[in-house]
Amino acid sequence: MQMNMTLYEMTKKYGEGKGEGVMWTTLQTVSDAIEDAMDEDVKKRLMRNLYGQMAGGHYNQEFAQDDVAKMYYKEQSGAKIAAPYWTEAQVKEVYEIVRKDISSQYTFWDFYVTLQMIKSDNVQMLKKWYPAAPPEELDKKLVEMAVNWLNDPDNPYGDHKIWGYMCAK
């Protein structure tokens with residue numbers, strides 16, 4: 001056997017046509033070896049990459065909650081306000097209203113991350129522009145911004161914009 005083969009080349013050469021059981025066993029062996037040798041940050045990036053490929057660049061609950069948990073903004077006083085800013089139920093209620101206005105490819109979890117991110121990135125600007133606006137009015141503007149952000153036709157990520165954007169960070 002040539003030892004200068006990659007793992008992929010060897011698996012393809014000797015595993016192709018051997019059945020799903022052999023491939024799953026092989027994947028488990030490779031996975032165990034790789035995970036033993038990598039640090040947690042590298043493992044998280046790899047898992048995100050693999051998940052993104054398998055899920056077509058759309059969020060599930062676990063990745064959505066993980067990404068939202070890292071979001072925050074600072075008040076004028078310097079106080080750190082951490083996400084999530086709305087509960088899943090609150091976002092689901094809004095999503096059911098706006099889902100007809102965004103690509104059908106986007107999942108609830110895509111919208112959930114987008115809305116939280118839009119607030120994290122823009123709420124201070126909106127407060128500055130509309131100092132007398134009640135919170136409900138600012139929330140409506142944030143929802144409109146989230147829908148508009150997802151609908152941007154010239155973004156480089158197509159119908160998986162939020163996943164691509166958050167993975168590129």
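Taken together, the values in this text are just the output of simple stated rules run on the coordinates, not laboratory data. Owing to the predicted nature of the structure, the values given are computational and were not obtained by experimental measurement. Heads up, the Cβs are rebuilt from the backbone with ideal geometry, glycines too, and the neighbour counts pull from every protein chain shown.
Short version: what are the Cα gyration tensor semi-axes of the chain, square root of 5 times each eigenvalue, largest first, in whole Å?
Values: eigenvalues 342, 66, 34 Å².
Sorted largest first and rounded, they come to 41, 18, 13 Å.
Karplus-based coupling profile of the stretch 60-67, in residue order and whole Hz: 10, 4, 4, 5, 4, 5, 5, 5, with θ = phi - 60° in 6.51 cos²θ - 1.76 cosθ + 1.60 and x standing for Gly or Pro. When the Cα centres of the stretch 127-169 and the stretch 1-36 are compared, how far apart do they sit, in Å? Measuring centre to centre over Cα atoms gives 43 Å.
Simple rule: put +1 on each Lys or Arg Cβ and -1 on each Asp or Glu Cβ in the stretch 110-160, find the dipole, and look at Thr114, Val147, Pro134; the Cα lying farthest toward the positive end is Pro134. The value of relative contact order for the stretch 17-169, using C-alpha pairs under 8 Å at least six residues apart, is 25 percent.
Rounded to the nearest Hz, the phi-derived 3J(HN,Hα) couplings of the stretch 127-144 under the Karplus curve 6.51 cos²θ - 1.76 cosθ + 1.60 (θ = phi - 60°) are 5, 5, 6, 10, x, 9, 5, x, x, 5, 5, 5, 4, 4, 5, 5, 5, 4, where x marks glycine and proline.
Name the shape class, rounded, prolate or oblate, that the alpha-carbon gyration tensor gives for the stretch 22-119, where a ≥ b ≥ c are the square roots of its eigenvalues, rounded holds for a/c under 1.5, and otherwise prolate holds if a/b is larger than b/c and oblate otherwise. The shape class here is oblate.
With a ≥ b ≥ c the root eigenvalues of the C-alpha gyration tensor of the stretch 1-66, is it rounded (a/c under 1.5), prolate (a/b larger than b/c) or oblate? It is prolate, given that a/c is not under 1.5 and a/b is the larger ratio.
Rounded, prolate or oblate for the stretch 84-169? Axes are the square roots of the Cα gyration tensor eigenvalues, ordered a ≥ b ≥ c, and the cut-off for rounded is a/c under 1.5. Don't skip to the answer; put the middle values down first.
Working: a/c = 1.83, a/b = 1.43, b/c = 1.28.
Prolate.
Only lysines eight or more places from Lys80 in sequence, or on another chain, were considered; those with a Cα closer than 18 Å are Lys70, Lys119, Lys127, Lys128.
Applying a DSSP loop filter and a limit of 13 other Cβ atoms within 10 Å to the trypsin sites (Lys or Arg not before Pro) in the stretch 1-109 leaves Lys18, Lys70.
Evaluate the charge dipole of the stretch 59-168 about its Cα centre and quote only its size in Debye, nearest 20, assuming +1 on the Cβ of each Lys and Arg and -1 on the Cβ of each Asp and Glu. Show your work: numbers first, answer last.
Values: 12 positive and 17 negative charges, 76 e Å.
My answer is approximately 360 debye.
Computed from backbone phi, the HN-Hα couplings of the stretch 79-88 come to 5, 8, 10, 8, 7, x, 8, 10, 6, 4 Hz, rounded to whole numbers (Karplus: 6.51 cos²θ - 1.76 cosθ + 1.60, θ = phi - 60°; Gly and Pro given as x).
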